[in-house]
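The values are calculated or read from the model by the stated rules, or taken from the named source; none is laboratory data. What you are looking at is a predicted structure, and each value in this text was computed from that prediction instead of being measured. Cβ placement follows ideal geometry from the backbone for every residue including glycine, while neighbour counts extend to all protein chains displayed. Ligands, DNA and RNA are stripped out before the accessible areas are found, and what is left, the full protein with its side chains, is counted by its heavy atoms. Shrake-Rupley method; radii C 1.70, N 1.55, O 1.52, S 1.80 Å.
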Amino acid sequence: MAKVLPSFVCQNCGAAYNRWQGKCESCGEWNTLVEENAAGAASVPSSLRPKRKGRAFTLESLTGDTQDAPRTPSGVAELDRVTGGGFVRGSVLLLGGDPGIGKSTLLIQATARMARLKHRSIYISGEEAVAQVRLRAERLGLAKSPVELAAETSVEDIIATLSQGPRPVLVVIDSIQTMWTDTVDSAPGTVTQVRASAQALIRYAKTSGATLILVGHVTKDGQIAGPRVVEHMVDAVLSFEGEGSQQFRILRAVKNRFGPTDEIGVFEMTGLGLREVPNPSELFLSERDLGTPGTAVFAGIEGTRPVLVELQALVAPTALGTPRRAVVGWDPSRLSMVLAVLEAHCGVKLSGHDVYLNVAGGLRINEPAADMAAAAALVSSLVGAPLPADGVFFGEVSLSGAVRPVAQMPARLKEAAKLGFKRAIMPEQTRGDGGGDAGLVLNAVGSLTELVAEIAAKGKKPRDNEAQLRRQDRG
Ligand code: TYD
Ligand code: MG
């Protein structure tokens with residue numbers, strides 16, 4: 001008999017080794033290899049496996065009459081926005097997020113809404129007892145919704161139960177890491193178990209047509225724990241994010257087979273559960289410090305929706321040999337680029353200063369259009385000159401220091417006008433974008449140098465700053 005080799009599986013990426021080692025060579029994580037008895041394929045020699053003859057199936061043409069993916073809206077508009085208009089029959093979603101961010105709260109609210117709309121909805125918790133889930137539902141005022149509840153962890157039992165009665169429309173499995181199946185021997189939470197359990201549940205969803213939501217835990221560096229393969233097996237991966245100290249929660253699609261991936265859903269955690277925020281700009285701008293240097297309002301676009309958000313910068317002389325550059329909510333390499341352009345083309349020397357940049361409200365910006373707002377906030381902090389409180393900024397900065405036009409300028413201007421802003425500091429318009437219709441004063445800026453000169457001219461501490469800038473100009 002062939003000797004069965006032990007199998008060590010990386011709990012981070014799923015790579016398998018036949019001896020233990022401290023570091024996974026595939027993903028570079030330390031201490032993630034765990035011995036797992038890979039039952040099934042690997043441990044049974046192929047000669048002993050029963051031979052099965054293939055079954056012939058019929059091939060279909062592309063033009064057959066398939067029912068187009070019918071969607072069931074969940075009734076939670078911000079969730080539907082992210083999924084692309086509702087749950088697709090037979091689709092599987094993976095929802096990831098830090099512990100305590102509100103995943104269970106969001107899903108019990110969504111199941112309750114669905115149940116109230118007369119769609120059979122089932123919530124299975126592997127982490128909390130039925131009484132705990134009930135208590136939470138009671139607190140959220142959802143106790144009267146006809147949600148069907150269970151506290152279960154055995155995949156076989158769950159599938160047997162779900163297969164009884166009418167087809168459920170929505171099934172929530174609160175945390176795939178707590179599920180286990182008889183078909184493999186490993187402990188719950190290990191890669192092999194998570195993979196096998198997910199496979200069985202996904203097969204159920206595909207054959208029955210129920211929409212399945214799996215909750216996935218997130219490791220300290222923000223990856224969905226367990227095998228990355230689960231991410232490939234599901235139709236959509238959603239991530240629920242937010243700063244612990246902030247009330248805002250942002251739902252994002254990382255992958256979506258049936259919809260867009262650039263839409264965000266915004267929620268606010270209140271004493272009565274998650275509240276949808278249909279107009280995020282108002283929320284992100286609600287606590288502005290008017291008239292302080294170093295803050296600029298950026299008119300951004302998230303998916304199809306314009307979102308106004310405040311960028312805060314602090315530039316302070318450094319006591320260290322290497323100055324600090326800390327950024328929250330924006331790309332650090334983008335910040336380095338803006339700093340380099342300021343230094344190379346605008347005579348703003350920041351090598352003796354620590355630089356901190358923060359996007360207010362816990363939002364994360366990916367657009368290059370934020371370059372100009374970031375540059376404005378940085379210069380404003382350096383020279384101590386507040387930016388106009390009624391102005392919004394947007395525009396991409398190129399390496400030559402030119403300000404480039406960005407997408408969807410009219411939508412940005414319209415949102416700014418709606419929120420009471422009076423002017424926009426923006427790239428020069430190409431071919432009459434018609435942004436003036438929004439009723440804003442448009443300050444077109446051709447290069448970053450122009451912007452810096454304008455801000456520096458208003459510096460509150462003219463003597464030392466002008467002297468500093470002059471010194472830098474000469475240098
Ligand atoms: P929970 O949904 O249990 O998080 P997860 O499932 O992602 O681990 O949310 C728990 C947090 O939410 C907890 O810190 C308390 C807070 N919370 C509220 O502030 N208000 C509420 O109405 C509820 C239900 C929870
Ligand atoms: Mg939970």
statement: Stokes-Einstein, Kirkwood over Cα pairs, the chain, 20 °C, 1.002 mPa s; D in µm²/s equals 84 µm²/s
query: Hey, what D do you get for the stretch 339-449 in µm²/s if you plug the Kirkwood alpha-carbon radius into Stokes-Einstein at 37 °C and 0.692 mPa s?
result: 223 µm²/s
- line: Here, the stretch 243-340 modelled as identical Cα point scatterers in vacuum has Debye log10 I(q)/I(0) at q = 0.19, 0.25 Å⁻¹ of -1.15, -1.44
Cα-based reach from residue 206 at 20 Å (exclusive), listing aspartates and glutamates while leaving out same-chain residues under 8 positions away: 60, 65, 68, 156, 157, 174, 231, 235
field: Protection proxy ranking, peptides 7-16, 103-112, average beta carbon neighbours within 10 Å, highest first
entry: 103-112, 7-16
query: For the Cα atoms of the chain, what angle does the longest principal axis make with the long axis of helix 130-139, in degrees from 0 to 90, nearest 10?
result: 40 degrees
- prompt: Which whole-number percent gives the relative contact order of the chain, counting Cα pairs below 8 Å spaced six or more residues apart?
  reply: 12 percent
query: In what order, largest first, do 364, 139, 55 sit by accessible area if the probe radius is 1.4 Å?
result: 55, 139, 364
message: At 1.4 Å probe radius, can you tell me the per residue accessible area of the stretch 274-427 in Å²?
response: 37 Å²
field: Those Cys residues of the chain for which no other cysteine Cβ falls under 4.7 Å
entry: 346
Gyration tensor (alpha-carbon) shape descriptor, the stretch 113-247, a/c threshold 1.5: oblate
task: Note down the relative contact order for the stretch 314-457 as a percent, whole number, built from C-alpha pairs under 8 angstrom at least six residues apart.
output: 23 percent
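With 26 Å as the limit, write out which pairs from 103/255; 23/255; 422/458; 349/458; 349/422 have Cα-Cα distances beyond it, or answer none.
23/255; 349/422
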statement: Of 23, 118, ordered by accessible area with the largest first and a 1.4 Å probe, the sequence is 118, 23
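Among DSSP beta bridges lying fully in the chain, give the percent that are antiparallel, nearest 5.
Working: 43 of 82 bridges.
Close to 50 percent.
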field: Furthest towards positive pole of dipole, 355, 398, 385, structure part the stretch 333-414, Cβ charges
entry: 398
statement: In the stretch 276-378, the GluC sites (Glu not before Pro) that sit in a DSSP loop and have at most 12 other Cβ atoms within 10 Å of their own Cβ are 287
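Rank these by accessible area, largest first, 1.4 Å probe: 206, 144, 414.
Heavy-atom accessible area, descending, gives 144, 414, 206.
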- prompt: Roughly to the nearest percent, how much of the accessible area of the chain is carbon and sulfur, given a 1.4 Å probe?
  reply: 53 percent
